[in-house]
Amino acid sequence: MAKNIMIQGTMSGAGKSLLVAGLCRIFKQDGYRVAPFKSQNMALNSFITKEGLEMGRAQVVQAQAAGIEPSVRMNPILLKPMSDVGSQVIVNGEVRGNMSARDYFDFKKSLLPDIQKAYDSLAAENDIIVIEGAGSPAEINLKENDIVNMGMANLVDAPVLLVGDIDRGGVFAQLVGTVTLLEPEERGRIKGLVINKFRGDKSILDPGIEQLKKFCEIPVVGVTPYLNIDIEDEDSLSERLTNHDKKGVLDVAVIRLPHISNFTDFLMLEHEAHISLRYVERPLQLGTPDLIILPGTKNTMDDLRWLRTSGMEAVMKKAHERGSILFGICGGFQMLGRRLTDPEYVEAGGEMTGLGYLPIQTVFTKEKTRTCVQGNIASIRGALAGLSGCAIEGYEIHMGETTLCVETEYGKWPNTGVQIHPFTELMDEIHATKKVDGAASETVYGTYVHGFFDAEGMVQALASALAKRRGITLDETVGQSLATYREEQFELLAASFREHLDMKYIYQMIGDNK
């Protein structure tokens, strides 16, 4: 069975996910077979494996750092928040149902066999498992029947590195307070402390580190710097959602929905030199961008209601009338239609009128679509006609079934004069079937495909189409594939951690004297 090490944090956002990714890459570089593991993840950014199973994207990124194919065994339990008090519970990649926080708290202990089986399966195939905790192990109201922090460490007898975030301030109180609140046997599992996201002169920090060692009687394994490395983050903690520094000639605005999911769909847009990507959450921020994107969401009807009550729907309409192109992905695609109905109370039940830009209707059902797809953009007209024929590869993950309205056919939209066409032509890799996806008019486009912009050359084709519509010429740039870019970032991450962590001590923690 594999050796292991567990990364726990003083709070959410302390840097656990990035540290796991960096260690996975270091162990891979050193010749080990390594895999990440997180027994329970709460996230709205998810991924579909080649088997059609759903898992958290953080473990996908960590698997990429380890150089292996993502497997749902790396994240056997995924919680996708539906509201402030409830989540969709996904076990071994499949939906188990929606549960309130209280119901799940009572239910989770029954999932221990699933966690053990997934871990043992990975451990049988690898030399090292790098385990990630969740939040803080010192949440004393949640420690009963814990399955993701010290409960997980005890289950698989893992030594623990505890990480604190100095960038938010109070790192010494974070670390000392966390250690103090743990039971003696739990404190004994913590073999090292890490201070993360440090900026400045480390020598000024050294006296505090010496006192920290005395308070906790645990070694400080390293002080890692605040890194300007571009690796996918988790959900609402991501700084991507508030970063507006880039100034490209093309303006692309993503509506920051309250339940936004899979904002990783837009990573390649961030990297395109000619595009300024920004996330908009207030109507006054929108303006008249070249492209407005309605992203995926875990609660389509609730977020559609927010568009209306916030005033965002009205300013989107004005922007579209002034020339902005509308583009919807998954839940955003559903919103662009004429009607949404929820007869089985998958979300909140009832029926809503959509934004009305596309002649489609969506009915929510309890069966979730989970599949990987590849294909190409159909022969489309209008503002994005230049994308016709471009290759795409991604995945679908949604609870609704979307069809054309009864009186509509592709090629015509009665009483409007607007031509409607399929947006993509796809091969469903899980079911080995061909299909068309989405809908496209002259200035409105919608698709269910996550990862739409990831294929090589896609963002350059998009930028060219937007520039042509504006009547401007773009400088020639050579696009870099997402896979190549990720590899560069993983290597930079590993190099930084090798410099700032005591890797010899970490190897000793896991029982390897390398």
Unique match (being within 30 Å of Arg469 (Cβ to Cβ), of a type in the set (A, V, I, L, M) and either crowded, with 18+ Cβ neighbours inside 10 Å or free of Cβ contacts under 8 Å to residues at least 24 places away in the same chain (or both)) among Ala378, Ala391: Ala378
Among (1) open to solvent by 40 Å² or more (accessible area, probe 1.4 Å); (2) without any contact (Cβ under 8 Å) to a residue 12 or more places away in the chain; (3) within 21 Å of Gly13 (Cα to Cα), where does Phe172 come up short? (2)
Would you mention how many residues in segment 359-375 are open to solvent by 10 Å² or more (accessible area, probe 1.4 Å) and in contact with a Phe, Trp or Tyr (Cβ under 8 Å, 6 or more places away or on another chain)? 3
Filter segment 175-215 down to the residues that are in contact (Cβ under 8 Å) with a residue 60 or more places away in the chain and touching a Phe, Trp or Tyr at 6+ places or on another chain (Cβ under 8 Å) and list them by number. Gly192, Lys197
Unmet criterion (only one of (1) of a type in the set (Ser, Thr, Tyr); (2) under 19 Å from the mean Cα position of the chain (by Cα); (3) farther than 25 Å from Asn262 by Cβ) for Tyr485: (3)
Return yes when Glu499 is at pLDDT 95 or above, under 24 Å from the mean Cα position of the chain (by Cα) and open to solvent by 40 Å² or more (accessible area, probe 1.4 Å) and no when it is not. no
In segment 293-310, how many are open to solvent by less than 10 Å² (accessible area, probe 1.4 Å) and in a helix (DSSP H, G or I)? 5
Pairs, first assigned to a loop (DSSP other than H, G, I, E, B) in segment 418-435, second among the charged types (D, E, K, R) and crowded, with 18+ Cβ neighbours inside 10 Å, C-beta under 9 Å, six or more apart: Pro422/Asp437; Phe423/Asp437; Ile430/Arg370
Do you know which of the residues in segment 383-396 that are out of contact with any Phe, Trp or Tyr (no Cβ under 8 Å at 6 or more places or on another chain) and not hydroxyl-bearing (Ser, Thr, Tyr) is nearest to Asp454 (Cα to Cα)? Glu393
Tally up the residues in segment 457-481 that are closer than 25 Å to Gln64 by Cα and either charged (D, E, K, R) or open to solvent by 20 Å² or more (accessible area, probe 1.4 Å) (or both), please. 6
Would you pick out the residues in segment 440-455 that are over 25 Å from the mean Cα position of the chain (by Cα) and outside any loop (DSSP other than H, G, I, E, B)? Ala440, Val444
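Conditions (1) crowded, with 22+ Cβ neighbours inside 10 Å; (2) without any contact (Cβ under 8 Å) to a residue 40 or more places away in the chain; (3) over 21 Å from Met82 (Cβ atoms), marked per residue:
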residue: Ala273; (1), (2), (3): no, no, yes
residue: Ser276; (1), (2), (3): no, yes, yes
residue: Leu291; (1), (2), (3): yes, no, yes
residue: Gly328; (1), (2), (3): yes, no, no
residue: Arg338; (1), (2), (3): no, no, yes
Checking the condition over 24 Å from the mean Cα position of the chain (by Cα) and under 20 Å from Val220 (Cβ atoms), which residue from Gly164, Gly169 passes? Gly169
Quick check on my filter: what residues within segment 74-89 are out of contact with any Lys or Arg (no Cβ under 9 Å at 6 or more places or on another chain) and over 17 Å from Ser17 (Cα atoms)? Ser83, Asp84, Gly86
Hey, among the residues in segment 185-225 that are loosely packed, with under 14 Cβ neighbours inside 10 Å and in contact with a strand residue (DSSP E or B) (Cβ under 8 Å, 6 or more places away or on another chain), which one's farthest from Leu482 (Cα to Cα)? Lys213
From the option list Glu321, Glu281, single residue qualifying as closer than 24 Å to Leu466 by Cβ and modelled with pLDDT under 95 is Glu281
Among the residues of segment 456-474, are any without any contact (Cβ under 8 Å) to a residue 12 or more places away in the chain and not in a strand (DSSP E or B)? yes
Of everything in segment 152-171, what is assigned to a helix (DSSP H, G or I) and at pLDDT below 95? Give them in sequence order. Val171
Among the candidates Glu351, Glu347, Glu367, Glu313, which residue alone is of a type outside the set (A, V, I, L, M, F, W, C), assigned to a strand (DSSP E or B) and over 28 Å from Thr433 (Cα atoms)? Glu351
Out of the residues in segment 41-56 meeting the condition of being touching a Pro at 6+ places or on another chain (Cβ under 9 Å) and more than 22 Å from Asp84 (Cβ to Cβ), tell me which one is surrounded by the fewest Cβ atoms within 10 Å (Cβ to Cβ). Lys50
Hey, Ala348 surrounded by fewer than 23 Cβ atoms within 10 Å (Cβ to Cβ) and in contact with an Asp or Glu (Cβ under 7 Å, 6 or more places away or on another chain) or not: yes
Subset of segment 373-397 (residues that are in a strand (DSSP E or B) and within 30 Å of Trp306 (Cα to Cα)): Gly394, Tyr395, Glu396, Ile397
What is the residue count in segment 91-108 for residues that are open to solvent by less than 70 Å² (accessible area, probe 1.4 Å) and part of a strand (DSSP E or B)? 5
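The values are calculated or read from the model by the stated rules, or taken from the named source; none is laboratory data. Please read these numbers as outputs of a predicted model, since none were measured by experiment. Every residue, glycine as well, gets a Cβ built from its backbone with ideal geometry; the counts of neighbours run over all protein chains shown. The protein model used for the area step is the full one, side chains on, heavy atoms only, and it has no ligands, DNA or RNA in it. Shrake-Rupley method; radii C 1.70, N 1.55, O 1.52, S 1.80 Å.
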